[in-house]
Amino acid sequence: MNSMDKALQTQLQNIQTRTGKTLEQLYEIIRKSGLSKHGEIRDMLKKELGMGHGDANTLVHVFMRSAGEGAAQAGGTSIEEAINEIYAEPKAALRPIHEKLMAEITKFGLFEIAPKKGYISLRRKKQFAMIGPATKTRVEVGLNMKGVAATPRLIEMPPGKMCQYKVNLSDSKEVDKELISWIKQAYDSAG
């Protein structure tokens, strides 16, 4: 099981603990609602069960896949399919950097993984990081956090960008304590 699968399993277990309902009971609530659109189901779960946005969004994705609805109707591809697409040739050699990052980030706790075109967004109440290949030889980690002094490695971005900082990685060995501490700071400030 890769780090993405582990993160999803952990989030699903936590959803069950927080709601006091099994996945099958949650799926039954979705089926009985009569709703079929991803956003409508997500909003219903938030309203009826008091679920957070990330948990409700993840549950809808998993439900639609398990119900055979397919990722396209769930509003996009599955996380694993998106990762495979992002790190397809000629960027496949960058995948170990991504996997090492995700293995460390999943240790922090719950968060939502939202696949985008060319990268993934990591969210709690708000986005705390973006990870994706910037070029064929470099992964870019975008971070949202305040009050951190920029360094030659932690590059401050101009106002109005999707992230306040970025770190460029060309080798999985660069996923070190310093980088993980910055990501953890961004994670903590997001929620």
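The values are calculated or read from the model by the stated rules, or taken from the named source; none is laboratory data. Source: prediction; values computed, not measured. With ideal geometry, Cβ positions are generated from the backbone for all residues, glycine too; neighbour counts draw on all protein chains shown.
Go through T17, T58 for me and flag whichever is at pLDDT below 90, outside the structural domain of E112 (by TED's automatic domain parsing) and among the β-branched types (V, I, T).
T58 is the lone residue from the list that is at pLDDT below 90, outside the structural domain of E112 (by TED's automatic domain parsing) and among the β-branched types (V, I, T).
Scanning for something in a strand (DSSP E or B) and either in contact (Cβ under 8 Å) with a residue 40 or more places away in the chain or under 17 Å from the mean Cα position of the chain (by Cα) (or both), does region 94-107 turn up at least one residue?
Among the residues of region 94-107, not one is in a strand (DSSP E or B) and either in contact (Cβ under 8 Å) with a residue 40 or more places away in the chain or under 17 Å from the mean Cα position of the chain (by Cα) (or both), which makes the answer no.
Is it the case, given these coordinates, that G132 is at pLDDT 90 or above and within 22 Å of K177 (Cβ to Cβ)?
No, not satisfied.
What are the residue pairs meeting all of these: first residue in region 147-170, first residue closer than 22 Å to G118 by Cα, second residue part of a strand (DSSP E or B) and at pLDDT below 95, Cβ atoms under 9 Å, and 6 or more apart or on different chains?
Qualifying pairs under 9 Å: M162/S121; M162/Q127; C163/Q127.
One residue is enough: does region 114-125 have a residue meeting the conditions in a loop (DSSP other than H, G, I, E, B), buried (at least 17 other Cβ atoms within 10 Å of the Cβ), in contact (Cβ under 8 Å) with a residue 24 or more places away in the chain and touching a Lys or Arg at 6+ places or on another chain (Cβ under 7 Å)?
no
Among the numbered criteria (1) over 27 Å from I105 (Cα atoms); (2) loosely packed, with under 13 Cβ neighbours inside 10 Å, which single criterion is violated by M44?
(2)
Just the residues that are surrounded by 14 or more Cβ atoms within 10 Å (Cβ to Cβ) and either of a type outside the set (F, W, Y) or more than 18 Å from the chain's Cα centre (by Cα) (or both), please, taken from region 171-186.
S172, E174, V175, L179, I180, I183, K184, Q185, A186 - these are the residues of region 171-186 that are surrounded by 14 or more Cβ atoms within 10 Å (Cβ to Cβ) and either of a type outside the set (F, W, Y) or more than 18 Å from the chain's Cα centre (by Cα) (or both).
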